[in-house]
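Comments concern the structure below.
Bear in mind that the values in this text are calculations on the coordinates, not laboratory data. What you are looking at is a predicted structure, and each value in this text was computed from that prediction instead of being measured. Note: ideal-geometry Cβ built from the backbone for every residue, glycine included; neighbour counts use all protein chains shown.
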Amino acid sequence: MSRPVLMLLSGPNLNLLGEREPEVYGSATLADHVEAARSEADRLGWDLEHHQSNHEGQLIDLIHSARGRCSGLIINPGALTHYSRALADALATFEGPKVELHLSNPAAREEWRGISVVAPVVTGTVAGFGGAGYPLAVRALVEVGPG
C-alpha cells in the first residue's frame, strides 16, 4: 500500500536560511528544516516532497500539481504571505489539509507582517517556534488527516 504524500513548499528567500538574518531565522539551513520535516513525516508513515522557489508562479504551479496527488500541503510562503492573493487562490483549490508555516512569529514583528492573505484558506498556522515548527506542522497536518 502506498503512503500518503505531503508537499512542503518553501517560498522566496528561504534558500538563504542559515545566512540571512540568523537573529530572526536561526542558523539552521533550509535543508536542515526539510530533513526534520521529512524525518517526522517518515516516522508517521507519510512521504514528503519538498520544493523551494523564489517565484510566485512556480509555487502556484506546484500547488496545482499537488491537487489529486498529495494528501496534504505545508507552505512557508515567506513574504508572499502578506500580499499574494494569487497564491491564496491557488491554495484554496487544494482540497486536503494545508498548514501555513513560519519560523518567526510574523504578528510579533513589523506591522505589515501581521497580515496573512493565505490564513483564510489554510487549515491552520504554525508560527514562532523556529525550526521546531517544521515537525510540528507535519504532526498537525497528519493529525488532521487527508481531506
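Can you work out the PRE-style zone for SER27? Point 7 Å along Cα to Cβ, and I want the residues of region 126-144 with backbone N under 17 Å. Output list for this probe position: 130-132. Positive end of the dipole of region 5-132 (Cβ unit charges, origin at the Cα centre): among GLY96, PRO106, GLY11, the Cα lying farthest that way belongs to GLY96. Given +1 at the Cβ of Lys and Arg, -1 at the Cβ of Asp and Glu and no other charges, the dipole of the chain around its Cα centre is 300 debye to the nearest 20. Working note: Karplus 6.51/-1.76/1.60 with θ = phi - 60° gives region 60-71 the couplings 4, 4, 5, 4, 4, 5, 7, 4, x, 10, 9, 8 Hz, where Gly and Pro are set to x. Of [x] 93; [y] 116; [z] 142, which one was derived for volume of the Cα convex hull per residue in Å³ from the structure shown? Of the labelled values, this structure produces [x]. Computed from backbone phi with θ = phi - 60° and the Karplus coefficients 6.51, -1.76 and 1.60, the 3J(HN,Hα) list for region 49-57 is 10, 10, 9, 10, 8, 8, 10, 3, x Hz; x is used for glycine and proline. Close amide H partners of LEU8, meaning residues 5 or more places away or on another chain with modelled amide H under 5 Å apart, are GLU49, HIS50, HIS51, ILE74. Placing R0 at 22 angstrom, the Cβ-Cβ distance between ALA132 and GLN58 gives a FRET efficiency of 0.20 after rounding to 0.05.
Count the net charge of all other residues whose Cβ sits under 13 Å from the Cβ of GLY124, scoring Lys and Arg as +1 and Asp and Glu as -1.
0
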